[in-house]
Amino acid sequence: MKSPIALRKVTRRYDDVVVFDKLTLELDEEHVTAVMGSNGSGKTTIARLVLGLDAADGGTVSGLDGRRPAAVFQENRLCDHLSAVNNVCLVLDHPDRAYAEEHLRRAGLPDEAMHRPVRTLSGGQRRRVAIVRALAGDADLVVMDEPFSGIDADSKADLVQYIRDRLRGRTALLITHDAREAKQFGARVVKLPARAVPNS
């Protein structure tokens, strides 16, 4: 059994500003943990620590060894010149265009958008590609930072169902400002105290 992913008494600061001090947080194995808080409270910093993209100034971050992580960042970070299908194939051990198309379709991307460069797609369509790229592979740790940014409410339901299906059996961290989103995933909610730190 894997060791749980845990932040223990973690301190993180940028220059002279302390984002959080001696924060302790453990992710529920094979479940979704949602971190909520106001802008500047450190939500994205936690995501970066869990992904190993940032280092703590104090305390420990454990349980990351041997993990296969994937992430949906606030920015889509797609390869703009590639099609939606080819963006998804980038993360597959054995690129399979039919498999990529199936997952994109399940996430609500229309067929006519599958093979166009993603730079020509709408913001909502690009967001769906970014989500599928993170979830179509075999990652066992998924970090999602405000995953529904740019998704209109009317078309959100199919995407929520796709994500729920793909998260089964995986450990996931959801960064959100919306309690309804946490509830949709049956997540345990951790609320951060407010901090006046920009872009944290």
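The values are calculated or read from the model by the stated rules, or taken from the named source; none is laboratory data. Keep in mind the model is a prediction, meaning the values are calculated, not measured. Cβ atoms come from the backbone with ideal geometry, glycine included; neighbour counts cover every protein chain shown. Remember, those area values only see protein heavy atoms, side chains included, never the ligands or the DNA or RNA. Shrake-Rupley method; radii C 1.70, N 1.55, O 1.52, S 1.80 Å.
For the range 1-16, a residue qualifies if it is surrounded by 13 or more Cβ atoms within 10 Å (Cβ to Cβ) and either of a type outside the set (Val, Ile, Thr) or touching a Ser or Thr at 6+ places or on another chain (Cβ under 9 Å) (or both), and the qualifying residues are 2, 5, 6, 7, 8, 10, 12, 13, 14. Give the residue that is farthest from residue 142 (Cα to Cα), with candidates limited to residues of the range 18-60 that are among the aliphatic types (A, V, I, L, M), over 18 Å from the mean Cα position of the chain (by Cα) and open to solvent by 50 Å² or more (accessible area, probe 1.4 Å). Applying the filter and picking the extreme gives 18. Identify all residues within the range 99-110 that are in contact with a helix residue (DSSP H, G or I) (Cβ under 9 Å, 6 or more places away or on another chain) and not aromatic (Phe, Trp, Tyr); write none if there are none. Once the filter is applied, which keeps residues that are in contact with a helix residue (DSSP H, G or I) (Cβ under 9 Å, 6 or more places away or on another chain) and not aromatic (Phe, Trp, Tyr), the range 99-110 yields 100, 101, 103, 104, 105, 106, 107, 108, 109, 110.
All of 47, 34, 56 fail the test of being part of a helix (DSSP H, G or I) and either without any contact (Cβ under 8 Å) to a residue 60 or more places away in the chain or within 21 Å of residue 9 (Cα to Cα) (or both), apart from 47.
So if I check each of 165, 178, which one is at pLDDT below 95, of a type outside the set (Lys, Arg) and over 14 Å from the mean Cα position of the chain (by Cα)? The match here is 178. Checking 116, 128 one by one, the residue that is free of Cβ contacts under 8 Å to residues at least 60 places away in the same chain, of a type in the set (Lys, Arg) and in contact with a strand residue (DSSP E or B) (Cβ under 7 Å, 6 or more places away or on another chain) is 116 and no other. Within the range 185-198, being in contact with a helix residue (DSSP H, G or I) (Cβ under 7 Å, 6 or more places away or on another chain) and modelled with pLDDT under 95 holds for one residue alone: 192. I'd like to know if the range 136-146 contains one or more residues that are of a type outside the set (Asp, Glu), buried (at least 23 other Cβ atoms within 10 Å of the Cβ), assigned to a helix (DSSP H, G or I) and within 12 Å of the chain's Cα centre (by Cα). No; the residues of the range 136-146 include none that is of a type outside the set (Asp, Glu), buried (at least 23 other Cβ atoms within 10 Å of the Cβ), assigned to a helix (DSSP H, G or I) and within 12 Å of the chain's Cα centre (by Cα). Quick check: anything in the range 64-79 closer than 19 Å to residue 172 by Cβ, in a strand (DSSP E or B) and among the β-branched types (Val, Ile, Thr)? Yes, some residue in the range 64-79 is closer than 19 Å to residue 172 by Cβ, in a strand (DSSP E or B) and among the β-branched types (Val, Ile, Thr).
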